[in-house]
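Remarks on the structure that follows.
The values are calculated or read from the model by the stated rules, or taken from the named source; none is laboratory data. Just so we're clear, the structure is a prediction, and the values are computed from it rather than from any experiment. Cβ: placed from backbone, ideal geometry, glycine included. Neighbour counts: every protein chain shown. Ligands, DNA and RNA are excluded from the accessible area calculation, which covers all protein heavy atoms including side chains. Shrake-Rupley method; radii C 1.70, N 1.55, O 1.52, S 1.80 Å.
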Amino acid sequence: MLSIIIPITFGVIFDGSVWAILAGVSMPVCAVLAVKGKIESRFLAIISLVFYVVASWQVSLFGEVTVILAFIMPLKIYAMYSWLRNRHSGRIIKISVTTRRELILAILSQLVLSVGYFFLLRAFGTPFLIISVISVALNVLATYFMARRSPISFATYIILDFVQAVLWLMLLIDGDSAATVMISTFVLFLLIDIYGFVAWRRLRREQTK
């Protein structure tokens with residue numbers, strides 16, 4: 001209820017765009033469903049990402065939109081396929097364990113690709129360049145771990161929530177009062193993702209009994 005009421009309220013008060021409000025509502029709802037390991041969350045994840053892309057385009061985050069469409073959207077689609085193929089019971093997915101090797105390789109890959117993100121985002125004249133690069137790299141990592149059904153995805157999303165809240169806060173300071181909608185969304189995300197990390201670790205223990 002809060003994930004629906006808060007973004008709509010801030011959107012009306014601060015004259016947020018329809019797309020920002022739609023993203024602000026659908027993204028936390030998606031996260032809540034993901035916490036429960038529900039298959040439906042992966043379908044909603046793709047829809048909410050489209051809303052977020054349009055909202056980001058409206059505030060000139062063109063480079064970030066390009067990277068989202070090139071890297072994150074394919075990972076979202078793969079995540080939907082992976083969750084459908086790995087069910088524990090009914091509509092609940094089977095939680096996996098990320099090996100140390102996979103974790104290190106995933107992090108190293110984003111450290112390397114961050115160089116490419118930097119030049120791509122700079123070419124698009126992306127505001128707050130360094131924060132945007134960190135945001136994109138963390139987003140790719142978190143989406144990958146979510147596709148892999150790993151509790152590490154929520155730990156990565158917790159860090160990402162802070163970074164994206166700062167990014168939209170900078171836009172707010174820069175004069176875009178409508179950015180308040182997305183800031184409130186990422187504060188909600190932070191609470192949901194903290195709960196998600198705990199819930200998935202508990203769910204994995206239950207599934208391995």
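Result for the chain in a Gaussian network model with C-alpha springs under 10 Å: among Asp161, Asp174, Asp193, the largest mean-square fluctuation is at Asp174. In the range 93-209, taking the dipole from charged Cβ atoms about the Cα centre, the farthest positive-side position among Leu191, Leu108, Met170 is held by Leu108.
Averaging Cα coordinates gives a centre for the range 143-209 and one for the range 9-64; these two points are 13 Å apart.
Note on the chain: with charges restricted to the Cβ of Lys and Arg (+1) and Asp and Glu (-1), its dipole about the Cα centre is near 1400 debye. Largest GNM mean-square fluctuation among Arg122, Arg101, Arg149, using the chain with Cα springs under 10 Å: Arg101. Full extension of the chain between Leu111 and Tyr78 yields a length gain of 9.7 nm, computed as 0.36 nm times the residue separation minus the alpha carbon distance. In angstrom, the C-alpha Rg and Dmax of the chain are 16.6, 53. On the principal axes of its alpha carbon atoms, the range 113-195 extends 36, 30, 13 Å, with the longest extent given first. Fully extending the segment from Arg122 to Ser17, taken as 0.36 nm per residue of separation minus the present Cα-Cα distance, adds 35.2 nm. Calculate the FRET efficiency for Leu172 and Ser60 from the Cβ-Cβ distance with a Förster distance of 22 Å, rounded to the nearest 0.05. According to the calculation, E is roughly 0.95. The heavy atoms of Thr208 present about 110 square angstrom of accessible area, all protein chains included, probe 1.4 Å.
Count Lys and Arg as plus one, Asp and Glu as minus one, and take only other residues whose Cβ is under 15 Å from that of Leu44; the net charge is then +4.
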